[in-house]
Amino acid sequence: MQFSKYSASGNDFVIFYTFLEADRSELAKKLCHRQFGIGADGLVVILPGDKKEEYDFKWQFYNSDGSEAAMCGNASRAVAHYAFINGLCKKSTKFLTKAGIIEAEVEGDIVESALSETKILKEEFEESGFTWSFYDTGVPHLVTFVDDLNAYDKKLCIYMRNKYNANVNYAKLEKGKMYVRTYERGVEDETLACGTGMAACFFSALRKKLIGNFIEVYPKSQERLILSYKNNKIYFKGKVVKVFDIIEYI
């Protein structure tokens, strides 16, 4: 089998195409292992689309612990690039996830994805000394705004992640830009970037009228992404990198 490793804003993924749909939880754990596998935050399995439907292909997304997730924002950009350069779609593509149909546009190594419509899971609330918002941008995300990102507390993230079964985001606004740190469920640690997490932070700031419909966002990797809001959808654009291909017999 041939696997490709991609990085999107520091979020890294193993991607491959197959005609066969199957449970690949154990394969995800093996391939994503940092010491004994290829090493990644997640595995994406691309499957053929349905000619009768409005999408070019569909995916199965697995976190590094083998759990399935409905959506992953940065993976959506990496997968669109993989599919385009491998002739599975044109520059403009639509593909099916468990969060619905995702649109993406490829221009060189820059990819823009449109996420599914954001859902408000709970109105603003206070807990553990922070003010939280709770949204679903494909997967559930807790968001809190802080003056200093060093307020990020891994123990509190673990507590909130388990209590609400959600990813946990700390966000800071500074000089018209947004900075985000995210604890991701399924990885069970802080990651260098989380697309749906940045989208949740962007949407929260937008609802609070702290920003306009466009902003630069920097995750922990410090790679620049552009988030915008139009037609009731969040779009985010940034660079993706194909790291390498590897052939492995498994």
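Please treat every number below as a calculation from the coordinates, not as lab data. A quick note: this is a predicted structure, and the numbers were derived from the prediction, not measured. We place every Cβ from the backbone using ideal geometry, glycine too, and count neighbours over all the protein chains shown.
Numerical summary
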item: Relative contact order, percent, the chain [alpha-carbon distance under 8 Å, six or more residues apart]; result: 21
item: Highest average packing first - 166-173, 61-68, 94-101, Cβ atoms within 10 Å; result: 166-173, 61-68, 94-101
item: For region 119-237, alpha-carbon Rg relative to the globular expectation (2.2 N^0.38 Å, N residues); result: 0.95
item: Mean Cβ neighbour count within 10 Å, used as a protection proxy, ranking 21-30, 219-228, 135-144 highest first; result: 135-144, 219-228, 21-30
item: Sorted peptide list for 199-211, 146-158, criterion being average Cβ within 10 angstrom, highest first; result: 199-211, 146-158
item: Added length on full extension, which subtracts the Cα-Cα distance from 0.36 nm per residue, E26 to F244; result: 76.3 nm
item: Y235, Y82 arranged by Cβ crowding within 10 Å, fewest neighbours leading; result: Y235, Y82
item: Globularity index of the chain, i.e. its alpha-carbon radius of gyration over 2.2 N^0.38 Å; result: 0.96
item: Too-long pairs where the Cα-Cα distance tops 31 Å, listed order kept, from K5/K233; K51/K209; K119/K163; result: K51/K209
